[in-house]
Amino acid sequence: MRLTTCHYLNVSASISFIKQIDVLASTGIELIKEVEFSNFKGIEKGKIELHPLTILIGSNNAAKSTILEALFLAPNPFRNVPYFIPESQSFPSKAIEPLYYIHRTLDYQGYAFLMYNYTSDNAKITITLDHPDEAGSNQVELNLLKRQQTIFFRSNKSRNRQISIANETMQSFGEVYVNGLSLNIADARVFSEQTLLVSPKLTRPAYEYLKREWASIVNTRVSKRIAKEISKLSPEQYADFTMEPVIGGQLDINAYLEDGRRIRLGDLGEGIQSYLLTRILFEIYQPKVLLWDDIESHLNPRMLITIADWFSDLIKSGHQVIISTHSLELARVIGGVNEEETKICLTSLKNSELQTKLMTLKDLENYKALGVDARTAEALL
Amino acid sequence: MKLYFSDPTSRPAINIHRLGRLTYNIRDIVLSVPSEIDTLIILGNGSPEDEIAGILAWHQKTDKIVGIVKPDRHHVDAFRTTKSYFTSLKVECLLFIIDQDQFPLDELFDSIESVIKEQGIAVTSSQLLAGSDRVKTYECTLAGKAFKTIAVISGLPDFNSPVHVIEDHLLKLAGIISAPNAKEVWVQLPKDKKEAIMTSLKERRTVMEAFPQHFTAFSTI
């Protein structure tokens, strides 16, 4: 396997954070076909099979978000991602930081939430690709080892350094802390297919990132292209998105309408904002795998079919999409437009073990005809 | 012609979007913004009527915006929605597509007229569309307001079957001209064969010849 720099990026080479990344080269269309967990967050053990488009359904606390978060971390928790969290101080954020942001509480700052029951000493995420790499391996392992107040990260793909703690010698390419937000980073390369996590909880960090990188983003003309697409979903006709001090002298991202008016991004409908942010993040980051948690939030039915069309394009061009939802309507629409590539996966936790059942749309309809709501049918597992 | 789905998550909306997989640039004719419509296409049977309606709309080189719906009611019973659509959506033209099934055409057209009248709608005149014995236009009036209802009957007389349905047209394209149950034969056709047939309808001449009554009707709205 050789190292190359950002060969997969075509629109955003000027964006500063991406220049910093070395990426392990991938060839052809490679998908993540499985992810296995051990002591990661709420999952003590279990695995899930993945497809070009996987729709995760299930009750609350059924590990859907945990699966997406693990996939977001797997390529390297210390790689740059298109988010900015002011309290973390690193710009752009490292992949692990948005996860802290999602799980932060009022008083607590730290990464204990990564470990099962907050107390496990060893956690592991293993992703399996559908093709072996040049070294003949199709697995990427990410080990999290908690010793005292430090969580050490090790991977079979990383350049580890040796660290001694107490009487033990550890191999690690980066560390985080049970209490505190500092990061020690020795290897920020991407080990496997690049993933991007989108979540309603990350809207603010995404917006903050875009504000800081706006000059680079707008010069790629991504904003203009997406404005045109968004116009198809709205009675308003958008010419572009701009960064201007429209109110109170403060810079804000604004939708620039064809008639010359400006509307602050934050004042657009939540659904439009969500779709817009996701499209821009995807365009500038160009991940292989899109992870979208709680996708149904704020989305109107018209938006669903537009997103289904977008996913069709992504899958056709070799991307993989993994989403979570509580909406069967969404599963039906997005899965219906992409029926051949879609699997719906019911997830559940039984004694902290991940249970899954893959279903087709037809299965969903059959269950519905029987009066069974597949989202809450843990008995099927 | 631009299509507007009254229910953007309905099965017809999904099926018509799926035509994009067969290289129809269907997104160019689908409107996602709220739009005023004066014409509504009502699918009396469902699928594959919806895909055919999408393809026919794709071939119409106009900017006219047309709504498309699939009500719960089927076949002639679908015409029982005439009053509801006219009064709630305020459209001026309703185009229904239904299968002929086992009924003679005259009997079917008479049944349709009766069903329209049963809703308190006056049918002031009705006539077959020039060049087609399977498209009939009913000039209607309700509460002093005039509108038009068009019935398009799917099926091919030269397809050897006791029941005529929209699948007659598709199977004929596959070289099949006889089947006791065309719907069943179509469902069991391999997926790649079905896709090849749907893709062949990108040719304007093919769709005009394969769906003559539908193409004629779509050209009038």
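The values are calculated or read from the model by the stated rules, or taken from the named source; none is laboratory data. Values in this document were obtained by computation on a predicted structure and should not be read as measured data. With ideal geometry, Cβ positions are generated from the backbone for all residues, glycine too; neighbour counts draw on all protein chains shown.
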Report summary line: Taking the range A:86-121 and keeping residues crowded, with 23+ Cβ neighbours inside 10 Å, within 15 Å of the chain's Cα centre (by Cα) and hydrophobic (A, V, I, L, M, F, W, C) leaves A:Ala95, A:Ile96, A:Leu99
Query - Filter result (more than 10 Å from every other protein chain (Cβ to nearest Cβ) and either within 17 Å of A:Ser59 (Cβ to Cβ) or touching an Asp or Glu at 6+ places or on another chain (Cβ under 7 Å) (or both)) within the range A:328-342 - result: A:Leu328, A:Ala331
**Report entry** helices (runs of 4 or more DSSP H) enclosed by the range B:160-219 - at least 1 residues per element that are on the phi > 0 side of the Ramachandran plot and either at pLDDT below 95 or of a type outside the set (S, T, N, Q) (or both)
**Finding:** none
Requested in this report: Taking the options A:Ala206, A:Ala227, name whichever one is assigned by TED's automatic domain parsing to the domain that holds A:Gly271 and touching an Asp or Glu at 6+ places or on another chain (Cβ under 8 Å).
Outcome: A:Ala227
Query - From A:Ser317, A:Ser348, residue being away from chain B (no Cβ under 13 Å), more than 24 Å from B:Pro12 (Cβ to Cβ), free of Cβ contacts under 8 Å to residues at least 24 places away in the same chain and not β-branched (Val, Ile, Thr) - result: A:Ser317
Report summary line: Flagged in the range A:136-170 as exposed (fewer than 15 other Cβ atoms within 10 Å of the Cβ) and among the polar types (S, T, N, Q), in numbering order, are A:Ser137, A:Gln148, A:Gln149, A:Asn156, A:Gln162, A:Ser164, A:Asn167, A:Thr169
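Does B:Val123 qualify as being over 20 Å from B:Val163 (Cβ atoms), touching a strand residue (DSSP E or B) at 6+ places or on another chain (Cβ under 8 Å) and either in a loop (DSSP other than H, G, I, E, B) or of a type in the set (Gly, Ala, Ser) (or both)?
Details: over 20 Å from B:Val163 (Cβ atoms): yes; touching a strand residue (DSSP E or B) at 6+ places or on another chain (Cβ under 8 Å): yes; either in a loop (DSSP other than H, G, I, E, B) or of a type in the set (Gly, Ala, Ser) (or both): no.
In short, no.
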Requested in this report: Could you tell me whether A:Gln162 is outside any loop (DSSP other than H, G, I, E, B) and either among the aromatic types (Phe, Trp, Tyr) or without any contact (Cβ under 8 Å) to a residue 12 or more places away in the chain (or both)?
Outcome: yes
Report summary line: Scanning the range A:38-67 residue by residue, the ones that are surrounded by 20 or more Cβ atoms within 10 Å (Cβ to Cβ), over 17 Å from the mean Cα position of the chain (by Cα) and at pLDDT 95 or above total 3
Query raised in the report: Considering only residues of the range B:26-50 that are crowded, with 22+ Cβ neighbours inside 10 Å and among the acidic types (Asp, Glu), which is nearest to the other protein chains (Cβ to nearest Cβ)?
Result: B:Asp50
Report summary line: Checked against (1) in contact with a Phe, Trp or Tyr (Cβ under 7 Å, 6 or more places away or on another chain); (2) under 22 Å from A:Glu141 (Cβ atoms), A:Phe37 satisfies every condition except (1)
Requested in this report: Take A:Leu197 and decide whether it is away from every other protein chain (no Cβ under 14 Å), at pLDDT 90 or above, in a helix (DSSP H, G or I) and crowded, with 21+ Cβ neighbours inside 10 Å.
Outcome: no
Report summary line: Among residues of the range B:75-116 being surrounded by 14 or more Cβ atoms within 10 Å (Cβ to Cβ) and of a type in the set (Lys, Arg), the residue nearest to the chain's Cα centre (by Cα) is B:Arg80
Requested in this report: Provide a single number: the residues in the range A:218-261 that are within 14 Å of chain B (Cβ to nearest Cβ), part of a helix (DSSP H, G or I) and not hydroxyl-bearing (Ser, Thr, Tyr).
Outcome: 3
Requested in this report: Could you pull out the residue among B:Asp38, B:Asp72 that is free of Cβ contacts under 8 Å to residues at least 12 places away in the same chain and of a type in the set (Asp, Glu)?
Outcome: B:Asp72
**Report entry** Residue within the range A:77-85 that is surrounded by fewer than 22 Cβ atoms within 10 Å (Cβ to Cβ) and modelled with pLDDT under 95 present
**Finding:** no
Requested in this report: Within the range B:184-214, work out how many residues are under 19 Å from B:Ile97 (Cβ atoms), surrounded by fewer than 18 Cβ atoms within 10 Å (Cβ to Cβ) and in contact with a helix residue (DSSP H, G or I) (Cβ under 6 Å, 6 or more places away or on another chain).
Outcome: 2
Requested in this report: Working carefully through the options A:Glu365, A:Glu329, A:Glu270, A:Glu341, find the one that is surrounded by fewer than 20 Cβ atoms within 10 Å (Cβ to Cβ) and in the same structural domain as A:Thr242 (by TED's automatic domain parsing).
Outcome: A:Glu270
**Report entry** Count of residues meeting criterion [polar (S, T, N, Q) and either out of contact with any strand residue (DSSP E or B) (no Cβ under 6 Å at 6 or more places or on another chain) or modelled with pLDDT under 90 (or both)] in the range A:346-381
**Finding:** 4
Report task. Of the numbered conditions (1) touching a residue at least 12 places away in the same chain (Cβ under 8 Å); (2) assigned by TED's automatic domain parsing to the domain that holds A:Thr242, A:Ile185 fails exactly one; give the number of that condition. Result -> (2)
Report summary line: When every residue in the range A:309-326 that is farther than 22 Å from A:Glu193 by Cα and within 18 Å of the chain's Cα centre (by Cα) is compared, the one surrounded by the fewest Cβ atoms within 10 Å (Cβ to Cβ) is A:His326
Query raised in the report: Which members of the range A:38-94 meet the condition of being part of a loop (DSSP other than H, G, I, E, B), polar (S, T, N, Q) and more than 24 Å from A:Ile284 (Cβ to Cβ)?
Result: A:Ser59, A:Asn60, A:Asn61
Query - Close pairs (9 angstrom Cβ cut-off, 6 or more residues apart or separate chains): more than 7 Å from chain A (Cβ to nearest Cβ) and within 21 Å of B:Pro71 (Cα to Cα) in the range B:9-25, assigned to a helix (DSSP H, G or I) and basic (Lys, Arg) anywhere - result: B:Arg11/A:Arg332
Query raised in the report: Would it be correct to say that B:Phe79 is touching a residue at least 60 places away in the same chain (Cβ under 8 Å), among the aromatic types (Phe, Trp, Tyr) and in contact with a Pro (Cβ under 8 Å, 6 or more places away or on another chain)?
Result: no
